[in-house]
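Structure record follows, encoded as structure tokens.
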Amino acid sequence: MTARTPPATAVTGIGLVTAAGIGTDATWQGVCAGRSAAARNPLLAGLSVDISCTVPGFSPREHVGRRSSLTQDRFIQLSIAAAREAVADSGLDPTTWDGARVGVVVGCGLGGVATWETQHRRMLEQGPQAVSALLIPMLVPNMVAGHLAMDLRATGPNLVTATACASGATAIGAALQLLRDGSCDIVIAGGGEAGVSPLMVTGFAQMGALSRRLDEPSAASRPFDADRDGFVIGEGSGMLVLEREADARARGAHVRAKLAGYGASADAHHMTAPDPEGAGVIQALRTALAAADVMPDEVDHVNAHGTSTPLNDAAEARALRKVLGEGAAVTSTKGVLGHTLGAAGAIEAALTVLTVEHGTVPPTANLQRLDPGVELDVVAGSVRRRGVEVAVSNSFGFGGQNAVLVVTAA
């Protein structure tokens, strides 16, 4: 007896809010141009690292409304803006769909850290009575999925995944499973994070994870470059609308690409450092390819996790080389957008869909001298036009949690 091939899953909507701009078009143009969004941030003045990638011109009142601008942390607001764009892009109407068949799965690594810091400061300076009654609803990570459900009238499965910097990709993988097991007909899946705060930046800086190229912020994030020295923290959200392909085709939807496979693993190696040989990455990559029924030599493109940290980039490069060889065109968009932590996997999955749809691989910003140990075809300088039938999006988190998604052409 042969295994039944799972029904194909269609990506019918994309929403992006990133440091390259608000909206999918702005983000896509930014990453294709290779323009770094990193800059000095007044919020971080006086810290050992004061650069970040933040969303420009985001008005909570404009994008989520007056009430929500006062009662939601920024990570929720960014996610709602991205989700609304994704649903509008899909052509679906939340006022008419069967909400019980619509799920929401969102990845988030930190939650409402800005709210936490603000309210903690109030307690220390003004006493417990000054702490907002909304502290907990604004802080806890699960509220992002709860608010999206209320906003979109989605009463199906409602989940938040927390696998550090793999959270967004893990959420999309979980959404794929919900569609395949029949729990949902539609899933809004992605990730959101707003971790640019003094405490969080200081914590990452104390770990030695952040770039110290403070005199030249726009050149600080440089994935796979021989002179990389750490990542630049960012914020943002990426959301996808996922449906079974047959359902999407039946309603005449535009299928941007297909989500074909998902693989997850644990390094079981170290709190923060990756397995140096990329053993967990190799396992997740092979699992995802097998789930998609794709051979390694069929992969045209990899959107790498590519954080610009010395250890991560080296381990990922070894894993990719071992499984895929050097035939795939590799890029990391963190040179432009910074590292958006729990949102990164979702933002990069959306960009992978766009790469497949447009046949355009964005460049890896700031890659001036490829690390000699990175034996891959890393795209640099400008976009590369090529047919992309099969693409992979990699995401890895502290704790050794790995998630790999396979995207194929529609």
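Condition check ((1) modelled with pLDDT of 95 or more; (2) among the basic types (Lys, Arg); (3) more than 23 Å from Thr170 (Cβ to Cβ); (4) touching a strand residue (DSSP E or B) at 6+ places or on another chain (Cβ under 7 Å)) across all residues:
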position	(1), (2), (3), (4)
Thr355	yes, no, no, yes
Gly359	yes, no, yes, yes
Thr364	yes, no, yes, yes
Gln368	yes, no, yes, yes
Ala380	yes, no, yes, no
Val390	yes, no, no, yes
Ser393	yes, no, no, yes
Phe396	yes, no, no, yes
Gln401	yes, no, no, yes
Qualifying residues in the stretch 326-369 (those that are touching a helix residue (DSSP H, G or I) at 6+ places or on another chain (Cβ under 9 Å) and charged (D, E, K, R)) - the one nearest to Asn402 (Cα to Cα): Glu348
Residue ID - surrounded by the most Cβ atoms within 10 Å (Cβ to Cβ), chosen from residues in the stretch 34-63 that are at negative phi and free of Cβ contacts under 8 Å to residues at least 24 places away in the same chain: Pro60
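Can Gly103 be described as small (Gly, Ala, Ser) and not in a helix (DSSP H, G or I)?
Working: small (Gly, Ala, Ser): yes; not in a helix (DSSP H, G or I): yes.
Answer is yes for this residue.
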Sort out which residues of the stretch 344-376 are buried (at least 19 other Cβ atoms within 10 Å of the Cβ) and either part of a strand (DSSP E or B) or of a type in the set (Ser, Thr, Tyr) (or both), and write them in order of number. Thr352, Thr355, Val361, Thr364
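The values are calculated or read from the model by the stated rules, or taken from the named source; none is laboratory data. Note that the coordinates shown come from a computational prediction; the quantities given were computed from them, not determined experimentally. Glycine gets a Cβ as well: all are built from the backbone with ideal geometry, and neighbour counts include every protein chain shown.
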